[in-house]
Amino acid sequence: MKLNVVVSLILLLISTATCCPPSDLRALLAFRSALHEPYLGIFNSWTGQDCCHNWYGVSCDAVTHRVADINLRGESEDPIFERAHRTGYMTGRISPAICDLARLSAITIADWKGISGDIPKCITRLSFLRTIDLIGNQISGEIPNDIGRLNRLAVLNVADNRISGSIPKSLTNLSSLMHLDLRTNLITGLIPTDFGRLTMLSRALLSGNRITGRIPESLTKIYRLADVDLSGNQLYGTIPPSLGRMPVLATLNLDGNKISGEIPQTLMTSSVMNLNLSRNLLQGKIPEGFGPRSYFTVLDLSYNNLKGPIPSSISGASFIGHLDLSHNHLCGRIPVGSPFDHLEAASFMFNDCLCGKPLKACLKN
């Protein structure tokens, strides 16, 4: 009899040691109570006392058995979505109870379309956080002012929401940040002048907001930055020539702003392969200087105030896949040969006096 009691106690201790602690269990249940998911039943598995096993979207640390990861995506290839033949839809809000999960390293609550409310300000005390991914909801309010406290944060993605306010100054303290996605929100104000402090950043996606001011020169000092999208904002001023000297920058989208001045020649022979400067207030000529290092999958300079001829050196580019020079004030003969032999008339329409294939023939002198 005593042996049975001892065995039962041992089994109880083992079970307790491998379960999530009661504080994490309470926090998850409070988190769930603030959300409503009517179609898929993803929270049906959130039963019992052990949130570390078979709770949909919840993962625990193998050593501490604390909740480490919440991964709930409304668009997924998981069988639960395939059986329902639909993407997910969830309403409610992100409860501040999530901040009681002290060892949380990743929060992914993405693409549920109907989740609203603010980002809990207390989230900034979760010092182990490496990922915040809240894309594709209706979250409003501001990015917490002291977001910069999260010195382990590598991914901050709040795209496709209703976030307002300005980019917090403390954000530039995120020395581990590699992926920043603030696209399609209601963010106003300036890009912080010390943006270049984000030395680990590889993607800066800020398009579709109401950001104003100039492109900070410090941004061009980020060695690892490969993808910059500032399109669809209210930026003004000139394009820093140092953008063309960034070593790994491959995509630069500045379209749909109020940027003026001339196009820096450095961009024509840079590492940038996708360059979109359309729908701005750019003036002057398209710079000469194209050469074997000029490789563009996209080169879009449409809807500006560019004048003069198409530079003859553009024929020396190693590759140009898509070229759009329409809606400017260009004049003169369209060069022959590559890349012009595969382009359609739409690439050159609505200029002052361009001629030659694929437009009308030039008049002979």
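The values are calculated or read from the model by the stated rules, or taken from the named source; none is laboratory data. Model, not experiment: these values are computed from the prediction. All Cβ positions, even for glycine, are placed from backbone atoms using ideal geometry, and neighbour counts span all protein chains on display. In case anyone asks, the SASA skips ligands and DNA or RNA and just uses the protein heavy atoms, side chains included. Shrake-Rupley method; radii C 1.70, N 1.55, O 1.52, S 1.80 Å.
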inquiry  = Here's a check for you: in segment 190-201, which residue that is buried (at least 16 other Cβ atoms within 10 Å of the Cβ) and in contact with a strand residue (DSSP E or B) (Cβ under 7 Å, 6 or more places away or on another chain) is farthest from Ala154 (Cα to Cα)?
reply    = Ile191
query = Within segment 86-102, can one find any residue that is touching a strand residue (DSSP E or B) at 6+ places or on another chain (Cβ under 8 Å), more than 21 Å from Ser176 (Cβ to Cβ), open to solvent by 50 Å² or more (accessible area, probe 1.4 Å) and touching a residue at least 60 places away in the same chain (Cβ under 8 Å)?
reply = no
Matching residues in segment 111-147 - criterion: being open to solvent by 10 Å² or more (accessible area, probe 1.4 Å) and polar (S, T, N, Q) = Ser116, Ser127, Thr131, Gln138, Ser140, Asn145
ask   = Among the residues of segment 305-329, which ones are touching a Ser or Thr at 6+ places or on another chain (Cβ under 9 Å) and either basic (Lys, Arg) or assigned to a loop (DSSP other than H, G, I, E, B) (or both)?
value = Asn305, Ala317, Ser318, Leu325, Ser326, His327, Asn328
key: helices (runs of 4 or more DSSP H) (entirely within segment 1-117) containing at least 2 residues that are at pLDDT 95 or above   = 22-33
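When segment 202-213 is examined, which residues are found to be touching a strand residue (DSSP E or B) at 6+ places or on another chain (Cβ under 8 Å), of a type outside the set (A, V, I, L, M) and either assigned to a loop (DSSP other than H, G, I, E, B) or at pLDDT below 95 (or both)?
Ser202, Ser207, Asn209, Arg210
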ask   = Pick from Pro240, Pro216: which is in contact with a Phe, Trp or Tyr (Cβ under 6 Å, 6 or more places away or on another chain) and either farther than 24 Å from Ser318 by Cβ or touching a residue at least 24 places away in the same chain (Cβ under 8 Å) (or both)?
value = Pro216
task = Collect the residues in segment 246-260 that are farther than 20 Å from Ile286 by Cα, over 18 Å from the mean Cα position of the chain (by Cα) and buried (at least 22 other Cβ atoms within 10 Å of the Cβ), keeping them in residue-number order.
result = Met246
inquiry  = With of a type in the set (Ser, Thr, Tyr), over 19 Å from Val228 (Cα atoms) and either in a strand (DSSP E or B) or open to solvent by less than 50 Å² (accessible area, probe 1.4 Å) (or both) as the only criterion, which of Ser170, Ser176 stands out?
reply    = Ser170
remark   = The one condition Leu243 fails out of (1) under 23 Å from Gly321 (Cβ atoms); (2) modelled with pLDDT of 95 or more; (3) open to solvent by 10 Å² or more (accessible area, probe 1.4 Å) is (3)
